[in-house]
Amino acid sequence: LFAGETEFVKGVVAMSGLPAPDRLEVCFAGRSNVGKSSLINALTGRKGLARASNTPGRTQEINFFTAGEAHYLVDLPGYGFANAPVPVVEKWQRLLKQYLSGRQTLRRAFVLIDARHGVKKVDDEILSLLDSAAVTFQVVLTKADKVKEKERAKVLDQVRTALAKHPAAYPEIVVTSSEKGWGIPTLRTIV
Ligand code: GDP
């Protein structure tokens, strides 16, 4: 997927704005600050590519990037903002639900989980959404360099237990650090 050029296409705030479904796509989801932009940049080898999604005003958009000739890489807005107003959260949930259940060209989701925190309630809600939409998903632990081996094993156990309840989950968990480059080559072969 990442063999070719990656370019920002557009940010979308409503289903009507989605690009034509003329490429297969994979999407990336995670709580805000989970390290999603860093991971997308590490995967694509293009620093600053996903920064567009992190600028104010862009954070509630679904951002589309081309990946090579035949795919889209889709950066979903980070969820779980501590102080987000209820209408904003509801609008986002509605759009996400519509996108996940209605996008025929969506092949797989990558759900990013912070290696320090494991699966939180907000994450679990997204995983259930993916189950209902029958979108298979790969869980990716991020920022693994920030936890010690022992702590990481504990979090991995917690994540495995959480995933067992989700039929759409891939059983394997990819452990990554964008900072150290850990797991990036592995993830490239899966994406
Ligand atoms: P996003 O909000 O999910 O897009 O998160 P960002 O990619 O912007 O990362 C949030 C913060 O975590 C930034 O300060 C990053 O430098 C830091 N970060 C991201 N990935 C890693 C990682 O693998 N290791 C470490 N130590 N820090 C990271």
Completion exercise
So, first residue away from the ligand (no atom under 13 Å from the Cβ) in the stretch 139-151, second residue of a type in the set (Phe, Trp, Tyr), Cβ within less than 9 Å, six or more apart or across chains; the pairs are 139/110; 139/170
Practice task
Inspect the stretch 112-128 for any residue being under 17 Å from residue 183 (Cβ atoms) and β-branched (Val, Ile, Thr) and give the result as yes or no.
Solution key: yes
Handout entry: Any chance residue 91 is under 23 Å from residue 168 (Cβ atoms) and either at pLDDT 90 or above or of a type in the set (Lys, Arg) (or both)
Key = no
Practice task
Kindly provide the set of residues from the stretch 157-166 that are over 17 Å from residue 110 (Cβ atoms), in a loop (DSSP other than H, G, I, E, B) and not small (Gly, Ala, Ser), ordered by number.
Solution key: 165
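The values are calculated or read from the model by the stated rules, or taken from the named source; none is laboratory data. Every value quoted in this text rests on a predicted model; they were computed, and no experiment measured them. Here the Cβ is made from the backbone with ideal geometry for all residues, glycine too, and neighbour counts use every protein chain on show.
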